[in-house]
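The values are calculated or read from the model by the stated rules, or taken from the named source; none is laboratory data. Please read all numbers here as calculations on a predicted model, not as lab measurements. Glycine also receives a Cβ, built like all others from the backbone with ideal geometry; neighbour counts cover every protein chain displayed.
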Amino acid sequence: MSSFPDSKVPSGPLQDKWTQHKFKSALINPKNKRRYTVLVVGSGLAGSSAAATLSELGYKVKCFCYQDSPRRAHSIAAQGGINAAKNYQNDGDSVYRLFYDTIKGGDYRSREANVYRLAEVSVNIIDQCVAQGVPFAREYGGLLDNRSFGGAQVSRTFYAAGQTGQQLLLGAYSALNKQIAAGAVKMYPRTEMLDLVLVDGHAKGIITRNLSTGKIERHAGDAVLLCTGGYGNVFFLSTNAMGCNVTATWRAHKRGAWFANPCYTQIHPTCIPRSGDYQSKLTLMSESLRNDGRVWVPKNAADCDKDPDSIPEEARDYFLERKYPSFGNLAPRDISSRAAKEACDDGRGVGPVVGSHREGVYLDFAESIRDFGEDTIRARYGNLFDMYSRITGENPYRTPMRIYPAVHYTMGGLWVDYNLMSSIPGLHVLGEANFSDHGANRLGASALMQGLADGYFVIPSTLPNYLAPQPPGQVKENHEAFAAAENDVRERINRFLKVNGKRSVDSFHRELGLLIWNKCGMARDREGLQEALKRLPEIRAEFWSNVRIPGGADQVNPELEKAGRVADFIEFGETMCLDALSREESCGGHFRTEYQTPDGEALRNDEQFAYVAAWEHTGENVAPKLHQEPLNFENVKLSVRSYK
Amino acid sequence: MESKLNLTLKVWRQSDRQSQGRLVTYPAEGIPTSASFLEMLDIVNEGLISNGEEPIAFDHDCREGICGSCSLVINGVPHGPEKATTSCQLHMRSFRNGDTIYIEPFRARAFPVVKDLVVDRSAFDRIQQSGGFISVRTGSAVEANSILVAKDDADHAFRAATCIGCGACVAACKNASAMLFVAAKVSHLNILPQGQPEKDERTIRMVQQMDAEGFGGCTNQYECEAVCPKEISVDFIGRLNRDYAAAAAAETVTA
Ligand SMILES: Cc1cc2nc3c(=O)[nH]c(=O)nc-3n(C[C@H](O)[C@H](O)[C@H](O)COP(=O)(O)OP(=O)(O)OC[C@H]3O[C@@H](n4cnc5c(N)ncnc54)[C@H](O)[C@@H]3O)c2cc1C
Ligand code: SF4
Ligand code: FES
């Protein structure tokens, strides 16, 4: 169909791009702003901050979320912190260094201009949050405290104990509340977007389902912002909340928005392992644990079911220390995760056998407890140790913790230009839902930063570039495009209810998740991906002929909600595997076993793959079309990420 | 070795707001002790679905104790028997083989049942909208470190701010009072220097909204603190009362 849409990256020196772009961007006079309606789907950090800020500027805003309150969006669960280039510690940080670290951390698969802008506005985010009353950790003198996080060599992470996400979201939610109270934002909780409405090729509305009553509703607007989070639940088991989904972005994709880099997913190394088949989600434990814990497995598979205390030092393999002597237990997320998987695939995992083998490695605090005393360790990690023992029933002060990697974040998302607009005019995408800033791997404490950067500071300046030439309020809910989209949604719901088969939605979700985890998880290869691509249409066909959804459409019906999400995940899984198959290199979270160095490290291929892979939907049961946006590096030199 | 439990559940089933609800008995068999309470319900629901029955509806999302969605009264206690633990973080090893477990929604006049164990807690959002914010337009903030906050104050505000808005405090209170929640929300902002300019107005408005939503009065029973998964202290209620008295005396709000 079309050639690549312009990425709208401004020309000129890196440091001036955003300033120049803001200057050249369109303005809408304050009186006219009220005549525009903006639909914001999502109330996490990206959605709440965008909805609040746009309404402060004068736009009419409607905001939607599937939870019963905007405060419950999944951003609430983030633990570790948020980065900003404040250089309060005087340890050599700067906007440029944060930019550089993020580009390198992303394994050189993101746009320089976007990442630089992110680093640039990071400082404003902290100002804004503090003014709102976000209770960040402080030093005794009353100044803000920082810590080093995720292997960064400077201390630039701001945090609020282990619940930075909740505190930042409560800040954005309070800003949203102020606007709701003023009548400037209309909030629609327990409301799920099920389709995007296009009029003359522009995004002009959405179709939603009220999850309390089942009512299908039409909402018209002048622009649509998707702030709907990541698709990690395609794996079924992940650290995401149960309702996280790809539906909003996938529906938009099927209406024409290109999906970028779907194969880039992040696996977090320190999660609590699975304990059985009934497991519904995985729990993350802060990476900070790796500062004092040592990761090991037995050298001999025969020792795996022994009491760890009975395994002598010389029979233990401290594999991270062995493989990465300089970073040791602090090696980056993708690298540590893969090393744990290798050990378990090698038959040396510990803990219960789940499926075919043991999936767990020890994270051992014995040495730290011996060196610093139990009290010090309790002061540092007490809440995490408590959480661990609540879930596993084991006491980590006595027995080593067991950890295993789990799906945590998705770098891929809808393709957007520098204005955060997708390939559909008027449709903008913010936060984890877009593909924009993290390349092939995300650094710790940078997703919160990106969500708030997009919502508070980027979209308010860039949205007028789309809106200004559009006369406001052109499209009303009685437009025929709404009738058609509503009809599609109703028909799909009826199809779900009519199948009346034998299997629950969850059983399909588990099957899908396991397949994607095995074939498109921490390590991928051509053969496995091809198998998955063969299997996925079969799962899809069985779903549509054998799923069982009790209850009706006009009521609270969690099975119906899940069915819509799982059906979309199954379709999405195919594009994800196709993307992984077509990227014949290893980079960041995408590790193709065929492309590795002799000592097992990721082997990038910059000549051929330094591009954004953006997939265009071309019809049902037809392969999507790949578009490549070349990535140009004018400021940083591409090099091999080495953590040896 | 992991053991399995056979249990009897007595679960509140109610089709919608208007309908009469009732307790229905379900067997829950072969439940692994390492499963979470919500995973136990997933297992039971899987069985109901395969019988063509409607599964038990309950609110949940993060399943790690932070979003505040889950809201079950378990054997008469909001969030069940473990201290400082949400329903989603409760694990089946807290129960014995053969136990009968009663599972009911968070009940209060201000929390109408939507379906089965799902209630409508939008009253909490409206209380927050009435004044739970500091008015600072995006872009108008001053440099972050120009606002000094003594560490003790920051920590104190943080402890109030850890409230997850679950509503267990209301469900535990015989008056269905929302005082602990409101006290936590008001105190978080009232303690901080940034919150001072709007302090009186915030306090009065949020208390007025709490009353308007139909929550009961606080008679210092402190059941709320006992069930609060985040261990919010009732000291914040004392603080709210003082802030309220001061604000009322100042009569800053004319409404
Ligand atoms: C356990 C955990 C810990 C983390 N810790 C950190 C950390 O320390 N630092 C960091 O930087 N990042 C962290 N992250 C990542 C970070 O939390 C997320 O990437 C980020 O919060 C996403 O924000 P968001 O606004 O894009 O989306 P979300 O917060 O996921 O919000 C999505 C919103 O969209 C709504 N929605 C979704 N689909 C629909 C639909 N179809 N219809 C209507 N509404 C819909 C939801 O209701 C919700 O309001 C962590 C992630 C996890 C899982
Ligand atoms: S005060 Fe405690 S019990 Fe009440 S809503 Fe907050 S966290 Fe829940
Ligand atoms: S489901 Fe989020 S707190 Fe229980």
Of the criteria (1) surrounded by fewer than 24 Cβ atoms within 10 Å (Cβ to Cβ); (2) without any contact (Cβ under 8 Å) to a residue 60 or more places away in the chain; (3) not in a loop (DSSP other than H, G, I, E, B), which one A:S11 fails:
(3)
Top-ranked residue in segment B:78-116 [being surrounded by fewer than 17 Cβ atoms within 10 Å (Cβ to Cβ) and of a type in the set (S, T, Y); ranked as nearest to the other protein chains (Cβ to nearest Cβ)]
B:S94
Looking at (1) over 17 Å from A:A131 (Cα atoms); (2) touching a residue at least 24 places away in the same chain (Cβ under 8 Å); (3) within 16 Å of ligand 2 (Cβ to nearest atom), find the lone condition where B:V118 falls short.
(3)
Please verify whether segment A:220-227 includes one or more residues that are more than 16 Å from ligand 2 (Cβ to nearest atom), touching a residue at least 12 places away in the same chain (Cβ under 8 Å) and over 23 Å from A:A50 (Cα atoms).
no
Can you tell me how many residues in segment A:227-253 are near ligand 1 (Cβ under 9 Å from one of its atoms) and assigned to a loop (DSSP other than H, G, I, E, B)?
12
Residues in segment A:58-69: is at least one aliphatic (A, V, I, L, M), modelled with pLDDT of 95 or more, assigned to a loop (DSSP other than H, G, I, E, B) and more than 16 Å from ligand 3 (Cβ to nearest atom)?
no
For the list (1) free of Cβ contacts under 8 Å to residues at least 12 places away in the same chain; (2) touching a Lys or Arg at 6+ places or on another chain (Cβ under 7 Å), I need the number of the one condition that A:G183 fails.
(2)
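Every residue, every condition in (1) of a type in the set (D, E); (2) away from chain B (no Cβ under 14 Å); (3) under 30 Å from A:R117 (Cα atoms), yes or no:
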{"residue": "A:L560", "(1), (2), (3)": "no, no, no"}
{"residue": "A:T575", "(1), (2), (3)": "no, yes, yes"}
{"residue": "A:R583", "(1), (2), (3)": "no, yes, yes"}
{"residue": "A:F591", "(1), (2), (3)": "no, yes, yes"}
{"residue": "A:E607", "(1), (2), (3)": "yes, yes, yes"}
{"residue": "A:P624", "(1), (2), (3)": "no, yes, no"}
{"residue": "A:Q628", "(1), (2), (3)": "no, yes, yes"}
{"residue": "A:N632", "(1), (2), (3)": "no, yes, yes"}
Find all pairs meeting these conditions: Cβ atoms under 6 angstrom apart; at least six residues apart or on different chains; first residue within segment A:240-267 and within 14 Å of another protein chain (Cβ to nearest Cβ); second residue within 16 Å of ligand 2 (Cβ to nearest atom) and outside any helix (DSSP H, G or I).
A:A241/B:D61; A:A241/B:C62; A:M242/B:D61; A:G243/B:D61
Within segment B:152-255, which helices (runs of 4 or more DSSP H) (wholly inside it) include 3 or more residues that are within 20 Å of B:C70 (Cβ to Cβ), of a type in the set (A, V, I, L, M, F, W, C) and in contact with a strand residue (DSSP E or B) (Cβ under 9 Å, 6 or more places away or on another chain)?
B:168-172, B:223-227
Where the second residue is of a type in the set (F, W, Y) and buried (at least 24 other Cβ atoms within 10 Å of the Cβ) and the first is facing chain B (nearest Cβ under 9 Å) and in contact (Cβ under 8 Å) with a residue 12 or more places away in the chain and lies in segment A:54-83, which pairs have Cβ atoms under 6 Å and are six or more apart or on separate chains?
A:P70/A:Y173; A:R71/A:Y173
Within the bounds of segment B:232-239, is there any residue that is more than 8 Å from ligand 2 (Cβ to nearest atom) and of a type in the set (A, V, I, L, M)?
yes
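Residue by residue, here is whether (1) touching a Gly at 6+ places or on another chain (Cβ under 9 Å); (2) away from chain B (no Cβ under 14 Å); (3) not charged (D, E, K, R) holds:
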{"residue": "A:Y418", "(1), (2), (3)": "no, yes, yes"}
{"residue": "A:G426", "(1), (2), (3)": "yes, yes, yes"}
{"residue": "A:N434", "(1), (2), (3)": "yes, yes, yes"}
{"residue": "A:G455", "(1), (2), (3)": "yes, no, yes"}
With the structure loaded, tell me whether B:L9 is closer than 19 Å to B:V114 by Cβ and more than 7 Å from chain A (Cβ to nearest Cβ) or whether it fails that test.
no
From the list A:E594, A:E585, exactly one residue is under 15 Å from A:N261 (Cα atoms) and either in a loop (DSSP other than H, G, I, E, B) or at pLDDT below 95 (or both). Which is it?
A:E585
For residues in segment B:43-65 being part of a helix (DSSP H, G or I), modelled with pLDDT of 95 or more and out of contact with any Phe, Trp or Tyr (no Cβ under 7 Å at 6 or more places or on another chain), which is nearest to ligand 2 (Cβ to nearest atom)?
B:N45
Just to verify a result, which residue in segment B:154-170, among those that are hydrophobic (A, V, I, L, M, F, W, C) and within 14 Å of ligand 3 (Cβ to nearest atom), is nearest to the other protein chains (Cβ to nearest Cβ)?
B:I164
Have a look at A:S422, A:S436 and point out the one that is among the polar types (S, T, N, Q), more than 14 Å from ligand 1 (Cβ to nearest atom) and buried (at least 22 other Cβ atoms within 10 Å of the Cβ).
A:S422
Condition test on B:S146, is it of a type in the set (G, A, S) and either over 19 Å from A:R72 (Cα atoms) or away from ligand 3 (no atom under 16 Å from the Cβ) (or both)?
yes
Odd one out for B:L148 among (1) of a type outside the set (G, A, S); (2) within 16 Å of ligand 1 (Cβ to nearest atom); (3) out of contact with any strand residue (DSSP E or B) (no Cβ under 6 Å at 6 or more places or on another chain); (4) in a loop (DSSP other than H, G, I, E, B)
(2)
The lone exception for A:A119 - which of (1) out of contact with any strand residue (DSSP E or B) (no Cβ under 9 Å at 6 or more places or on another chain); (2) more than 14 Å from every other protein chain (Cβ to nearest Cβ); (3) surrounded by 24 or more Cβ atoms within 10 Å (Cβ to Cβ) it fails
(1)
Just to be sure before I move on: is A:G47 surrounded by 22 or more Cβ atoms within 10 Å (Cβ to Cβ), more than 27 Å from A:C587 (Cβ to Cβ) and within 17 Å of the chain's Cα centre (by Cα) in the structure I sent?
yes
Per-region count, segment A:297-326, residues buried (at least 18 other Cβ atoms within 10 Å of the Cβ), farther than 14 Å from A:D364 by Cα and not charged (D, E, K, R):
2
Identify the residue in segment B:49-69 that is away from ligand 1 (no atom under 16 Å from the Cβ) and touching a residue at least 40 places away in the same chain (Cβ under 8 Å) and, among all such residues, is surrounded by the most Cβ atoms within 10 Å (Cβ to Cβ).
B:F58
Residues of segment B:115-133 being within 16 Å of ligand 3 (Cβ to nearest atom) and assigned to a strand (DSSP E or B), which ones?
B:V118, B:V119
